Amino acid sequence: MRVRKRLLCPRQVRRVPPQFSWVDHRLIRDNRLEGCAPETWALYLFLVTVADVEGLSYYAERTLQQRLGLREDRLRTARSQLLRAGLIAYEAPLYQVLGLEPAGTRPPVKARPTSVDGTAVSIAEVLGALMGDAR
């Protein structure tokens, strides 16, 4: 059976607003967040929503934690998943939501590991965090 599409509420048709917030359908079609935690999806949606036309925003860590109801470690994990997926670039406090290039053509995203306060961290600390080392 084929579903015939029709507007259910013609008075409220969605339009791209002047502040330019939207979500690219390739996010789902290309499985860009497959296997990511729900917090990662929430952070991505938040960043897409607040970003300017170039994808830039600079919400503080504490504000993101409060808005998304996340602990510091969960926010860090969500950000790491978005970086690995090539969906954002991050250099504290600046986030950039990246364009969704076709799979296989994305340039690698260079992310400088930083601590919560934005200072550089050692490779040992990064590896320890990835391996679940609670130092």
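Just so it is clear, none of the values below were taken in a lab; they were calculated from the coordinates. Just so it is clear, the structure is predicted and the values come from calculations on it, not from any experiment. Every residue, glycine among them, receives a Cβ derived from its backbone with ideal geometry; neighbour counts consider all protein chains shown.
Whole-Hz Karplus ³J(HN,Hα) for the stretch 25-35, in order, using 6.51 cos²θ - 1.76 cosθ + 1.60 and θ = phi - 60°, x for Gly and Pro?
Whole-Hz 3J(HN,Hα) from phi for the stretch 25-35: 5, 5, 4, 8, 4, 8, 6, 5, 10, 4, x.
Below 13 angstrom from the Cβ of residue 59, what's the summed charge of the other residues (Lys, Arg +1; Asp, Glu -1)?
On the way: positive: 62, 67, 79; negative: 52, 61.
Its environment carries a net charge of +1.
How high is the FRET efficiency from residue 13 to residue 53, r the C-beta distance, R0 25 Å, rounded to 0.05?
Efficiency computed from Cβ-Cβ geometry: 0.70.
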